[in-house]
Structure formats: structure tokens, C-alpha cells
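The structure appears right after this line, and notes come after that.
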Amino acid sequence: EKVEQITGLKYTSNEVKNISEEQNKTNIAIRVIVDHVRAVAFAIADGQLPSNTGAGYVIRRILRRAIRYGYSFLNTTEPFINQLVEVLANQMGEFFPEIKKQQSFVTNVIREEEASFLRTLGRGINYFKLYSEQFLSKENNDKVFPGFMAFELYDTYGFPYDLTVLLAKEVGLSVDEAMFNEKMQEQKARSRA
């Protein structure tokens, strides 16, 4: 209900027959977001912050997946997932008191992650579309998105490789992982030098 209120989009029960493909995407996005915010909020309340390594990286990826679903399927370009923490705290505070105690902190952490990743996401998706349109216009029969383009998205724009793979899959492409890894190794060698 809170996601509906924020986005102006409606969730339709799975029991409704013959829903449109667009409505189905909206339903999936809403379910992903509310599911992921629970996992992330509980983890942050327990002391695990989003980061680039270990368990923190898992938290970051879960949150980024939710942000991406909101951006791509609910047309959200401003942070909003952080607003769901209040609903979660009200619903689950009795059973998980840490979420109530840490509500403000959890909200702020998620808001900062959202704001940062939305900037990256907007730039990265635009460049991905540009690259894939250029690439697809050349009628590449093997349907493989070049690894050097995936690396450029990652290295220049901070766009996560796994998100490039996901976007490529959505337009019927795979990504040349070997070339991406080769470019990563070259970058690491340059950094060491």
C-alpha cells in the first residue's frame, strides 16, 4: 500500500485473471521491493552496513536490485524505498525491536544508498541503451554484448557488471564475460604498476 501511495501505481492480486504484461511487471517490482527492503532493513538494524566486500556487499546488491526495479518498472527517479522502513518498523517492531530502535539510522542508510545508486543507475542505463542500440544496429548475429563495453560501463560509470548482464538478458543478449575479465585484469595490472 505504501509503494502504491508513493508511486501512484496499483498492485493487482495474482488471482486476477488476464492482467496485462505491464501490470505483471508492476506487481513483480512491488513484490521485489517490499521483500528486499525487509531483508536489508533487518540486516542494517543488526549492524551490517552496505559495503563493497563480504556480507555488506550482499546487502548492497539486494538493495540495488530493489532500487533498479523501482527505477525500471515503477518509474521512480528519487529515493523512496527508505520510506518503507517506517511501515516495516510499525508492522514488525513488536517481534524485532531492533528495527524500531534503529528506524532512523536504517532509513538514513537506505536513503543515502538509494540517492547514490540512482545517479549511477540513470547514467549507466542510458549508456547501456546507447551502446546496445549501436551494437544491435550492426546486426551482430551471435547476440553477445561486448565485454569491453561492459567494462567501460563498470570502470567509467561505476555501473555494476551483474546489472549489465541483467539488462543485456532483457534485450536478448549475453555479455562476453571473458573479455570483461580480461579488461579487469589489464586495469588491475595498470593500477599495480
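The values are calculated or read from the model by the stated rules, or taken from the named source; none is laboratory data. Being a predicted model, the structure only gives us computed values, none of them experimental. As a convention, Cβ positions derive from the backbone with ideal geometry for all residues, glycine included, and neighbour counts pool all protein chains shown. For the accessible areas, the whole protein counts, side chains as well, though only heavy atoms, and no ligand, DNA or RNA atoms are used. Shrake-Rupley method; radii C 1.70, N 1.55, O 1.52, S 1.80 Å.
One table, with the values for the structure above:
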item: Simple label model, 7 Å out from Cα along Cβ direction - GLU186 to LYS143, nm; result: 2.8 nm
item: Distance between segment 1-56 and segment 72-104 - C-alpha centres, whole angstrom; result: 11 Å
item: 27 Å Cα-Cα threshold exceeded, pairs from LYS25/LYS183; LYS2/LYS101; LYS25/LYS129; LYS143/LYS183; LYS2/LYS25; LYS2/LYS100; result: LYS25/LYS183
item: Identified option (computed Kirkwood radius over Cα pairs in Å; candidates (i) 18.3; (ii) 17.2; (iii) 19.0); result: (i)
item: Residues of segment 1-116: accessible area per residue with a 1.4 Å probe, Å²; result: 56 Å²
item: Neighbourhood charge, 9 Å Cβ-Cβ cut-off, centred on GLN83 and excluding it, Lys, Arg +1 and Asp, Glu -1; result: +1
item: Gyration tensor (alpha-carbon) shape descriptor, segment 105-193, a/c threshold 1.5; result: oblate
item: Prolate/oblate/rounded call for segment 69-134, Cα gyration tensor, a/c under 1.5 rounded; result: prolate
item: FRET efficiency, 1/(1 + (r/R0)^6) with R0 22 Å, evaluated for SER72 and SER13 via beta carbons; result: 0.45
item: Probe 1.4 Å, all protein chains present, accessible-area order of ILE62, ILE125, largest first; result: ILE62, ILE125
item: Stretch gain in nm, segment GLN48-LYS169, where the contour uses 0.36 nm per residue and the Cα spacing is subtracted; result: 40.5 nm
